[in-house]
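Asker: Would you mind keeping the following structure in view while I ask a few things?
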Amino acid sequence: MSKRLTKYRVTDACIICGLCEASCPFAGIKDGISDRGFPKMLIEPELCKGCQQCVPFCPLGAIVPGVQQELELA
Ligand code: SF4
Ligand code: SF4
């Protein structure tokens with residue numbers, strides 16, 4: 001499991017609409033599992049460049065600056 005820290009994290013507001021995944025040129029955001037055990041998107045630490053390109057695509061503002069704690073990708 002990666003130890004790299006992310007520059008962005010996905011909050012529990014995520015509804016898994018997929019718009020961010022489609023917007024990322026680096027495949028840096030993918031289906032995952034929240035730390036409370038339900039599905040949501042997660043930033044992939046090894047692939048995300050921190051470019052912010054996905055941020056405005058989220059209709060719920062669920063991609064925010066910060067270190068993502070969850071690292072379990074589905
Ligand atoms: S910050 Fe950039 S590299 Fe990271 S998930 Fe968003 S679009 Fe992809
Ligand atoms: S755009 Fe926002 S709500 Fe949609 S999957 Fe990405 S983080 Fe979740």
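Asker: Which order do Glu70, Glu46 fall in if you start with the one that has the fewest other Cβ atoms within 10 Å?
Answerer: Glu46, Glu70
Asker: Assign unit charges at the C-beta atoms only (+1 for Lys and Arg, -1 for Asp and Glu), then state the dipole size of segment 8-65 relative to its Cα centre in Debye, rounded to the nearest 20.
Answerer: Numbers: 5 positive and 6 negative charges, 19 e Å.
For segment 8-65, the charge dipole is close to 100 debye.
Asker: May I pose another question? Tell me, how many Å apart are the Cα centres for segment 1-22 and for segment 38-74?
Answerer: Computed from Cα coordinates, the inter-centre distance equals 2 Å.
Asker: Within the P(r) computed for the chain, what percentage of the Cα pairs occupies the region above 22 Å? Don't skip to the end; give the middle numbers.
Answerer: Details: 196 of 2701 pairs.
More than 22 Å apart: 7 percent of the Cα pairs in the chain.
Asker: Identify which of Gly18, Gly50, Gly37 has the largest mean-square fluctuation in a Gaussian network model of the chain, with springs joining Cα atoms closer than 10 Å.
Answerer: Sorting by GNM fluctuation, first place goes to Gly37.
Asker: Kindly put Val67, Val55 in sequence by how many other C-beta atoms sit within 10 Å of each C-beta, fewest to most. Write down the numbers at each step before the final one.
Answerer: Numbers: Val67 12, Val55 15.
So the residues, fewest neighbours to most, are Val67, Val55.
Asker: With 10 angstrom as the radius, rank Phe38, Phe26 by how many other C-beta atoms surround their C-beta, starting from the fewest.
Answerer: Numbers: Phe38 10, Phe26 14.
Ordered by Cβ neighbours within 10 Å, fewest first: Phe38, Phe26.
Quick note: the coordinates plus some simple rules give every number you see, no bench work behind them. Keep in mind that this is a model prediction, so the values were computed, not measured. All Cβ positions, even for glycine, are placed from backbone atoms using ideal geometry, and neighbour counts span all protein chains on display.
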